[in-house]
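Read the structure below first, then the notes.
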Amino acid sequence: MTSETITADVAGTWKLGDLTVNRVGFGAMRLTGSAAFHHGTPSDRERSIAVLRKAVELGVNHIDTAAFYFSTLRSANELINSALSPYGDDLVIVAKVGPFRDYSGEWGTPARPHDLRGHVQENLRQLGRDHLDVVNLRRMGQDSIAEHFEALAELREEGLIRHLGISGVEPRHLAEAQAIAPVVCVQNRFGLDSHNPATDEVLRLCGEQGIAFVPFFAVAGDAGSTGATTHHDDEVHAIARAHEASPAQVRIAWTLHQGPHVLAIPGTGNPGHLTENVAAGALRLTDEELATLNALHQNAG
């Protein structure tokens, strides 16, 4: 498939609360280098800035980021601020809180409810904004998210946050959060090779209620934060060849085919990969291809 002329609106739009976004967005974690959470080689700053500007040129208006997305010498939020400020009116920047890293980059104790104000304010400082469009609470293994979500709901009432989401949750956590404040999106790990019945149920519930479902590591697979997986099943390769596409594009397309409420946020620091990721929104899988890929997902560990 030809990628150069395809823009992010090709897959349609969805709403995060009252904010309309194209279904193909951008995840900022990979902007900081090959070792996004480690002391690896930092990314080329100018190339990362160019990727962000190219993303917006291609119609991306949904960027996912976090203050803890940093590596040696690079901060995703700082790169976003440098590349895109002053921000366009239609650009939606989604941050997340819950995990915590100290200045040396080491992971610390997950945020407690009273820590979240400072974490939100740190995102605001780094991004150069006076409010955040959406903040996701990443559940860090706790049984209940009520206290943490209540803390974010207070910040929403104060105007520091416009909308709230949750991440890494089961159906019961969605209900728990909704009893406190509206939830506009759910971010869970989800992909061809990542099958979790609880997440499948969250995906279904979100569709029924008009809530955006935003998978992470949909392209990375088992590679996680280190980058896109290099392992693809033979069926994925065959479908990619049939469409003259890459396996990564097939994975993104399959994700988008899970429902009109599903948003993709593939991340990259490579301009060429960015163009391919956006173009994946134009890939239309046949019913037979979808059945094949759905079976792979159901059989995944």
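The values are calculated or read from the model by the stated rules, or taken from the named source; none is laboratory data. As the structure is a prediction and not an experimental result, all values here were calculated from the model. Here the Cβ is made from the backbone with ideal geometry for all residues, glycine too, and neighbour counts use every protein chain on show.
Observations on the structure shown:
- Considering the stretch 182-201, the residues that are buried (at least 17 other Cβ atoms within 10 Å of the Cβ) and without any contact (Cβ under 8 Å) to a residue 60 or more places away in the chain include one that is farthest from V135 (Cα to Cα), namely T199.
- Any hit, the stretch 234-250, residues being at pLDDT 95 or above and in contact with a Gly (Cβ under 8 Å, 6 or more places away or on another chain): no
- Residues that are assigned to a strand (DSSP E or B) and at pLDDT below 95 within the stretch 190-221 comprise G191, S194, F216, listed in sequence order.
- Filter result (charged (D, E, K, R) and either in contact with a strand residue (DSSP E or B) (Cβ under 9 Å, 6 or more places away or on another chain) or at pLDDT below 95 (or both)) within the stretch 125-175: R129, D133, R138, R139, R156, R162
- Check on A67, buried (at least 21 other Cβ atoms within 10 Å of the Cβ), out of contact with any Ser or Thr (no Cβ under 6 Å at 6 or more places or on another chain) and without any contact (Cβ under 8 Å) to a residue 60 or more places away in the chain: yes
- So S48, is it among the hydroxyl-bearing types (S, T, Y), closer than 19 Å to G267 by Cα, in contact (Cβ under 8 Å) with a residue 40 or more places away in the chain and surrounded by 19 or more Cβ atoms within 10 Å (Cβ to Cβ): yes
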